[in-house]
1. Just to be sure I understand, how many residues within segment 48-61 are out of contact with any Asp or Glu (no Cβ under 7 Å at 6 or more places or on another chain) and surrounded by 21 or more Cβ atoms within 10 Å (Cβ to Cβ)?
2. From the list ARG88, ARG74, exactly one residue is more than 16 Å from TRP27 (Cα to Cα), exposed (fewer than 14 other Cβ atoms within 10 Å of the Cβ) and among the basic types (Lys, Arg). Which is it?
3. Select, from LYS16, LYS93, the only residue that is touching a helix residue (DSSP H, G or I) at 6+ places or on another chain (Cβ under 8 Å) and basic (Lys, Arg).
4. Going residue by residue through segment 97-116, is there one that turns out to be of a type in the set (Ser, Thr, Tyr), more than 11 Å from VAL17 (Cβ to Cβ), surrounded by 12 or more Cβ atoms within 10 Å (Cβ to Cβ) and without any contact (Cβ under 8 Å) to a residue 24 or more places away in the chain?
5. Only one of these conditions is not met by LEU2: (1) loosely packed, with under 14 Cβ neighbours inside 10 Å; (2) in contact with a Lys or Arg (Cβ under 9 Å, 6 or more places away or on another chain); (3) closer than 24 Å to ASP104 by Cα. Which number is it?
6. When you look at GLY63, is it in contact with a His (Cβ under 7 Å, 6 or more places away or on another chain) and either of a type in the set (Asp, Glu) or closer than 16 Å to VAL10 by Cα (or both), yes or no?
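Throughout, read-outs are computed from the coordinates displayed, never taken from laboratory work. Only a predicted model underlies this, so the values are computations on that prediction, with no experimental measurement involved. All Cβ positions, even for glycine, are placed from backbone atoms using ideal geometry, and neighbour counts span all protein chains on display.
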Amino acid sequence: MLMRNCAGGVVFNDDKVFLLKNDKGEWVLPKGVIRNGNLATEVALRRVKEEAGIGAEIISTAGETCYEFFSISRQCPVCNQITWYIMRALDDKYHVNKEEGFTDGGYFPIDEAIRKITYSQDKSLVSLSYKKYKDLLLAVS
């Protein structure tokens, strides 16, 4: 099995979270593979910028998820282990990168986002991250 370390962002703008719809019709969070000795934080911020056009700052860690799939192109099973970061968008602008294979995206209220998200572990991640995000904002104010 091919093991890949990845990093991604759970990006909040006020009481909304950003989701992308991929070419398989799945609602997901921006993420990418860590390569060339890059730091997980760098990859997470870069993928949020490249996939969603969002400038963001990391405010906390969110946790890790892991999923397995069979890669047709590699003809082998792949396990992606993803380190997630809670991020705050610097503004409300975004741009869905169609060249990366995304067909739609946007900021959604938390309840709507959780209904949209395809994978149950991502639903839990967003729910827990939102609670932590709100607590962090209260601690700062």
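1. Qualifying residue count for the region: 4.
2. ARG74
3. That would be LYS16, the only listed residue that is touching a helix residue (DSSP H, G or I) at 6+ places or on another chain (Cβ under 8 Å) and basic (Lys, Arg).
4. No, that holds for no residue.
5. LEU2 satisfies all of (1) loosely packed, with under 14 Cβ neighbours inside 10 Å; (2) in contact with a Lys or Arg (Cβ under 9 Å, 6 or more places away or on another chain); (3) closer than 24 Å to ASP104 by Cα except (3).
6. Spelling it out, it is not the case that GLY63 is in contact with a His (Cβ under 7 Å, 6 or more places away or on another chain) and either of a type in the set (Asp, Glu) or closer than 16 Å to VAL10 by Cα (or both).
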